[in-house]
Structure formats: structure tokens, C-alpha cells
1. Which residues, taken from region 148-196, are within 20 Å of Asp71 (Cβ to Cβ) and in contact with a strand residue (DSSP E or B) (Cβ under 7 Å, 6 or more places away or on another chain)?
2. So Glu104 ticks every box in (1) in contact with a Gly (Cβ under 8 Å, 6 or more places away or on another chain); (2) part of a helix (DSSP H, G or I); (3) of a type in the set (Asp, Glu) but one. Which box is left unticked?
3. Here's a check for you: in region 103-134, which residue that is of a type in the set (A, V, I, L, M) and under 17 Å from the mean Cα position of the chain (by Cα) is nearest to Gln11 (Cα to Cα)?
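Bear in mind that the values in this text are calculations on the coordinates, not laboratory data. As the structure is a prediction and not an experimental result, all values here were calculated from the model. Every residue, glycine as well, gets a Cβ built from its backbone with ideal geometry; the counts of neighbours run over all protein chains shown.
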Amino acid sequence: MTTSSHTQFIQELINKYYPVKEDILARLQKIAQVQHLKKGEFLLQIGQTSKSIHMLYQGIVVAYFLDANGDAYHKNIFLEGDFVGSTVSALKDEPSHFALEVIEDTTVISFNHQQYRQLIDHHEDLKNFYIAYLEKNWVIDKEKREIAIVMQDAKSRYLDFIRAHPNIEKRVPLRYIASHLGITPTQLSRIRKNLK
């Protein structure tokens, strides 16, 4: 059950990308479910098929996969205001290759992926929102990150990351940040020491 603050959050997050009519937002809010998760719980396990998409209302979720040696690579760190889920798993109805782990007590607003897609398919406003969201987060921002990994040194990537996410080091273990930046925890420790 959503509260008025959840309703306002959904409206503000959607409208940040594209203005959606109130009656359409009301339909989206009807399928919303609020979930509270504790640190260490999973929104999605490796091998589980995703059935939902989530708006991160409060807390932090990390997406990671395991390499052949069983080492974790943290592909994304999701913060408040991010959409969280395995879109590929939900779209293709197949097991996810990565996990979504809650690393501090978290509240998400969840939508059944099938119902969410039906709303998008039937309402132009939501379709335009969806396109704007995908372009910003999975085309523009993803390309920036890929270029940064190749073109920037580790120190520059780290500085850009903490500028974009102030105080994140107090909330996310440094080993996750290092993995996300494509460096070792030792390298990150050295960079932070040199900056002090």
C-alpha cells in the first residue's frame, strides 16, 4: 500500500523524465507495492527470473555478478531515485545473470513488470517517459561510464564518482566502489590516501 509520500515520489520521479498525466499516474500507482527490505536481503538472486521493476525510495541496492572464479563484480550501485531491476530477465522471461543485494535497510516501490509494460504499451505519456528514461540512463550515462573506464585514469573516475554521489563512501563499502570503478580495493585505498 502506498502512502501520499510514495505517491508524490512516483509522480516526481516519472515527471523528471517526461510529464505524465495525473490519470495515467493514478493507474501506475494502483499497481504499486511498497516493500521494506533489511540489509543483506536480495531483491533478485542470480538465476532467479525477474518479475518486477522497482523504484528505490530509500536505501542502497548493488547489482553484482560473479566471474568464473567466484569473484564479485559490482556493475551498478543504485541510490534513492533510481529504477532497480533486471530488465533483460523480465523482458526475456529468463534467469538473471546478476543479483540485486540490499546493503542498507531499504524501501522500494515495486511494480509487476507485466502490468507495468501493459500500461506503457497503452499510454503514450508513459511510453515517452520510458524512452526518455532509457536514453538518459542506459544510453547516455552508460556510454559516459564505458568511455571513462577506457579514457580516464582511476583517480579521475573516483573523483567523478564521489562528485556525482556525495557522502557515498559513508554508505557503501569501499570494495564495492572499487569494483564498480574497475579497480582493486588496494588501488582505491592508495588513491584516497594520496588525495588526503
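1. Answer for region 148-196, where residues must be within 20 Å of Asp71 (Cβ to Cβ) and in contact with a strand residue (DSSP E or B) (Cβ under 7 Å, 6 or more places away or on another chain): Val172, Tyr176, Ser179, His180.
2. So the condition that Glu104 fails would be (2).
3. Among those that are of a type in the set (A, V, I, L, M) and under 17 Å from the mean Cα position of the chain (by Cα), it is Ile109.
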